[in-house]
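**Student:** There's a structure below that I have some questions on.
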Amino acid sequence: MTVRTANLGFPRMGTHRQLKKALESYWSGELTAKALNDAARAIRRQNWEFQRDLGVDIIPSNDFSLYDHVLDTAVMLGAVPARFGHAGDLVSLDTYFAMARGAKTATAMEMTKWFDTNYHYIVPELEADQQFSLGSTKVVDEFVEARALGIATRPVLLGPVSFLLLGKAQTFGLEPLSLLDRVLPVYASVLERLVTAGATSIQIDEPVLALDLSQAAAQAFEQAYSALARAAGGMSICLATYFGSLGENLDLALRLPVACVHLDLVRGPEQLKDALARVPADKSLSLGVVNGRNIWRSKFSDVLPQLEEAVRVLGPERVVLAPSCSLLHCPVDLKPETDLPQEVRERLAFAMQKLEELSVLKRALNSNRDAVATALAENQALFERIAKSRTIHNPRVQARMKGLSQEMFARESPFARRLPQQQENLNLPPLPTTTIGSFPQTPEIRQARSAFKQGTIDHRQYDAQMGLQIKQAIQIQEQVGLDVLVHGEPERNDMVEYFGEMLDGFAFTRNGWVQSYGSRCVKPPIIFGDVSRPSPMTVRWIQYAQSVTSKPVKGMLTGPITILEWSFVREDCPRRDTAFQIALAIRDEVADLEAAGVKAIQIDEPALREGLPLRRSDWREYLEWAVDAFRLATSGVSDATQIHTHMCYGDFNDIIEAIAALDADVISIEAARSGVELLGAFREFKYPNQIGPGVYDIHSPRVPSVEEMEEAIAGQMTVLDASQLWVNPDCGLKTRRWEEVKPALANMVTAAKKLRERVAQRKG
């Protein structure tokens, strides 16, 4: 017997985002359901063949999704909210997409971050009278599909305990785990169908095992896996955990009736020692030693000793090598990225290269180190070069970091003294209206950007096109009656990539796309070295926008934590230090905007919650430096300059005090999908500054009515004082069309005006 390799999941979008294009064509009516499914089938085949050709021993199936794997699980269980009109039996494709995106008669389900990643999942809705029944045979179908291609796969399922704990109770007082007895028969049926189809093993993902669990959750695991083991029969179960150390949950995982337990040794390397000492003789360990969440090459000199010890203790037949988690969070292939600087490129490994690294490690263990001596020597030399590189380590940046003082982390005056000056400076009505920043990225904008990149138009022509788009955006905002305007960000390809392109210490790929949600892909910048700002990044665009209107125009920036979290971050420097370096660069930009006469500056931090460690015991340290990074970026302005920030698509209730500690004058925050819970937090915590809870969901194409938004604002006014409230959408509008945006904003402004009248009548 020898050590084997396994993959936990592969990127879904295709090598050139084929799935994105197919999905959006289907949603627009240009593609049939059959054509969409054909495109999906082609991507799955390519993914399986890639892994087979790379020598992966255990290849996953059902890791593919048309939108989201948690949504897939809800559909498999028939957990379709009543508003979507599902009549039972198998869930249709259009119902599936309506759950994710909304429909004319039904709002979309809530979307939030998948643990501490930038991937978003659709939150299951759970009712007290919830019934579950098989709504999809996708997991079986895709196993059979791969087998027909001559490829044996290990199907992947999100486990029942994680599914329930990731869901959200829609009935007051409902404990999601109380539904376990109803869920398990459907899971059992799926496992039995897989056995019948010929599956010999299954991977069941239970990432909540990396969290702090209650005693009830531990008992739920015991109950669930006793039932699943019976249903699986002779099919072996690999229990996959990731995103952190199991900690006190290690013993629980090891005593469950499963054949294998996967450990994330990138996020929790310390757990290997305990696992080797405690693992029962009838179980194997899957060791996640290659980072599935970042794009740097593995340091073999750190990894191999761990693996050699595991083989010594367990024997090769009980050791499986794997990425730390699904490779969903990585781009597909590094080979096409020929434009990257060599000093950066040689340090990178995308999904396919990570599987190649596993192959090297497998050969080193199954033969000996001599069999891969060249690969090991090259790897060692690479890390020696990194340590000495002056491109990576900038003395000027390091000197500035040493010069940080306490005064740089706080505004000159408290909010109560700043507010009157800002009111005088901006002259806004009660319940002022604004948007979050971006407007539709129209075909004209995309064509201009493409033409500029291809060299068919020059810089002057491109700037003229962007100027025209900005002017049009300003005119539309004036027409609908917004109070504080934005320039619309037509020149920005992405809210992080745009800034990274103008900062030192960043590198960029051509095709390094990663799924964020649904068809939405991002191309994260690569932070490879010390960060600094060589020159202003946004000033000229904001100045131009302000020159064509008498209304205030917000300067729009992305905050240090979001740039950090939404980039692939270097691993040779503490994340805190990199965040502070970015904050200093943003601080310089804020100063230049203020000097240019900009009266309101928004520094978006949608990823603040996302960066929160999974274990509550680690929260304080992270929140302290994350809040400090924001304050470092924003505290250099005068009291009269209004600082805004924005957050979205995360559960912010449990960090509301840290959000207040940011000391932003105004925060806009997602609330359309999760407003009731958010308002509950404000009932318990008196938020000190001004706030704009979103009044409509921008991720749905539907246009909410005036009455709907009026009701949302009125609900907010039951918890927050009208003097605190701003009125705005949930998030930026770049993914929407003007045909949706203009009527939605017009309705929003009308709703705000009606509420102003109510407030005035009460005061009168």
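**Student:** I'd like to verify a number: residues in the range 599-622 that are under 30 Å from ALA210 (Cβ atoms) and out of contact with any Asp or Glu (no Cβ under 9 Å at 6 or more places or on another chain), how many?
**Tutor:** 6
**Student:** Output the residues belonging to the range 377-436 that are in a helix (DSSP H, G or I) and among the basic types (Lys, Arg).
**Tutor:** Across the range 377-436, the qualifying residues are ARG385, LYS388, ARG396, ARG400, LYS402, ARG417, ARG418.
**Student:** Looking only at the range 124-143, decide whether some residue is closer than 26 Å to ASN653 by Cα, in the same structural domain as LEU174 (by TED's automatic domain parsing) and not in a loop (DSSP other than H, G, I, E, B).
**Tutor:** Within the range 124-143, one or more residues are closer than 26 Å to ASN653 by Cα, in the same structural domain as LEU174 (by TED's automatic domain parsing) and not in a loop (DSSP other than H, G, I, E, B).
**Student:** If I ask for residues that are under 28 Å from ASP116 (Cα atoms) and among the aromatic types (Phe, Trp, Tyr), which ones from the range 130-176 would you list?
**Tutor:** Result: PHE163, PHE172.
**Student:** Still on this model: For the range 267-285, state whether one or more residues are of a type in the set (A, V, I, L, M, F, W, C) and over 26 Å from THR200 (Cα atoms).
**Tutor:** The answer is yes, given that some residue of the range 267-285 is of a type in the set (A, V, I, L, M, F, W, C) and over 26 Å from THR200 (Cα atoms).
**Student:** Can you spot a residue in the range 33-48 that is assigned by TED's automatic domain parsing to the domain that holds SER326 and over 28 Å from the mean Cα position of the chain (by Cα)?
**Tutor:** Checked the range 33-48: at least one residue is assigned by TED's automatic domain parsing to the domain that holds SER326 and over 28 Å from the mean Cα position of the chain (by Cα).
**Student:** Scan the range 221-248 residue by residue and report those that are over 25 Å from the mean Cα position of the chain (by Cα), farther than 23 Å from ASN7 by Cα and not acidic (Asp, Glu).
**Tutor:** PHE221, GLN223, ALA224, SER226, ALA227, ARG230, ALA231, GLY233
**Student:** Continuing with this model, one more query. Residues of the range 270-319 being assigned to a strand (DSSP E or B), among the small types (Gly, Ala, Ser) and either touching a residue at least 60 places away in the same chain (Cβ under 8 Å) or not assigned by TED's automatic domain parsing to the domain that holds LEU252 (or both), which ones?
**Tutor:** Hits for the range 270-319 are SER286, GLY288.
**Student:** Which condition number does ALA545 fail, the rest of (1) under 29 Å from the mean Cα position of the chain (by Cα); (2) at pLDDT 95 or above being met?
**Tutor:** It fails just one condition, (1).
**Student:** Name the residues in the range 473-496 that are in contact with a strand residue (DSSP E or B) (Cβ under 8 Å, 6 or more places away or on another chain), buried (at least 16 other Cβ atoms within 10 Å of the Cβ) and not in a loop (DSSP other than H, G, I, E, B), would you?
**Tutor:** ALA473, ILE474, GLN477, LEU485, GLY488
**Student:** Quick test for you: out of ALA714, ALA744, ALA752, pick the one residue that is over 20 Å from LEU426 (Cβ atoms), out of contact with any Cys (no Cβ under 9 Å at 6 or more places or on another chain), surrounded by 17 or more Cβ atoms within 10 Å (Cβ to Cβ) and among the aliphatic types (A, V, I, L, M).
**Tutor:** ALA744
**Student:** Scan the range 327-375 for residues that are touching a strand residue (DSSP E or B) at 6+ places or on another chain (Cβ under 8 Å) and either assigned to a loop (DSSP other than H, G, I, E, B) or aromatic (Phe, Trp, Tyr) (or both) and jot them down.
**Tutor:** CYS330, PRO331, LEU334, GLU337, LEU340, PRO341, ARG347, ALA349, listed by residue number.
**Student:** Another question, then. Mind checking which residues of the range 357-373 are surrounded by 15 or more Cβ atoms within 10 Å (Cβ to Cβ), under 22 Å from GLU346 (Cα atoms) and not polar (S, T, N, Q)?
**Tutor:** GLU357, LEU358, VAL360, LEU361, LYS362, ARG363, ALA364, VAL372
**Student:** Name every residue in the range 584-606 that is basic (Lys, Arg) and within 15 Å of LEU503 (Cα to Cα), in order of residue number.
**Tutor:** ARG587
**Student:** Quick check: is even one residue across the range 433-447 surrounded by fewer than 14 Cβ atoms within 10 Å (Cβ to Cβ) and either modelled with pLDDT of 95 or more or under 30 Å from ALA752 (Cα atoms) (or both)?
**Tutor:** Taking every residue of the range 433-447 in turn, none turns out to be surrounded by fewer than 14 Cβ atoms within 10 Å (Cβ to Cβ) and either modelled with pLDDT of 95 or more or under 30 Å from ALA752 (Cα atoms) (or both).
**Student:** Follow-up question, since we're still on this one. Please find, among ASP282, ASP339, ASP302, the residue that is among the acidic types (Asp, Glu) and within 26 Å of ASN47 (Cβ to Cβ).
**Tutor:** The unique qualifying residue is ASP339.
**Student:** Mind telling me which of the residues SER226, SER189 ends up being in a helix (DSSP H, G or I) and either surrounded by 23 or more Cβ atoms within 10 Å (Cβ to Cβ) or touching a Pro at 6+ places or on another chain (Cβ under 9 Å) (or both)?
**Tutor:** Only one candidate passes the filter, namely SER226.
**Student:** Considering the range 62-104 alone, what residues qualify as being small (Gly, Ala, Ser), more than 20 Å from ARG520 (Cα to Cα) and crowded, with 23+ Cβ neighbours inside 10 Å?
**Tutor:** Within the range 62-104, ALA74, ALA79 qualify.
**Student:** Right, another one. Starting from residues that are among the aliphatic types (A, V, I, L, M) and assigned to a loop (DSSP other than H, G, I, E, B), keep the ones in the range 1-47 and report whichever is nearest to VAL156 (Cα to Cα).
**Tutor:** The qualifying residue nearest to VAL156 (Cα to Cα) is LEU8.
**Student:** Filter the range 374-422 for residues that are β-branched (Val, Ile, Thr) and surrounded by 11 or more Cβ atoms within 10 Å (Cβ to Cβ); which is nearest to PHE630 (Cα to Cα)?
**Tutor:** Going through the qualifying residues, I end up with VAL397.
**Student:** Going through VAL741, VAL706 one at a time, which residue ends up being touching a Leu at 6+ places or on another chain (Cβ under 7 Å) and either assigned by TED's automatic domain parsing to the domain that holds SER438 or not hydrophobic (A, V, I, L, M, F, W, C) (or both)?
**Tutor:** Going through VAL741, VAL706 in turn, just one is touching a Leu at 6+ places or on another chain (Cβ under 7 Å) and either assigned by TED's automatic domain parsing to the domain that holds SER438 or not hydrophobic (A, V, I, L, M, F, W, C) (or both): VAL741.
**Student:** Test ARG154 against the criterion of being more than 23 Å from the chain's Cα centre (by Cα), surrounded by fewer than 20 Cβ atoms within 10 Å (Cβ to Cβ) and at negative phi, and give yes or no.
**Tutor:** No, not satisfied.
The values are calculated or read from the model by the stated rules, or taken from the named source; none is laboratory data. This one's a predicted model, so the numbers in the text were calculated from it and none came from an experiment. Every residue, glycine as well, gets a Cβ built from its backbone with ideal geometry; the counts of neighbours run over all protein chains shown.
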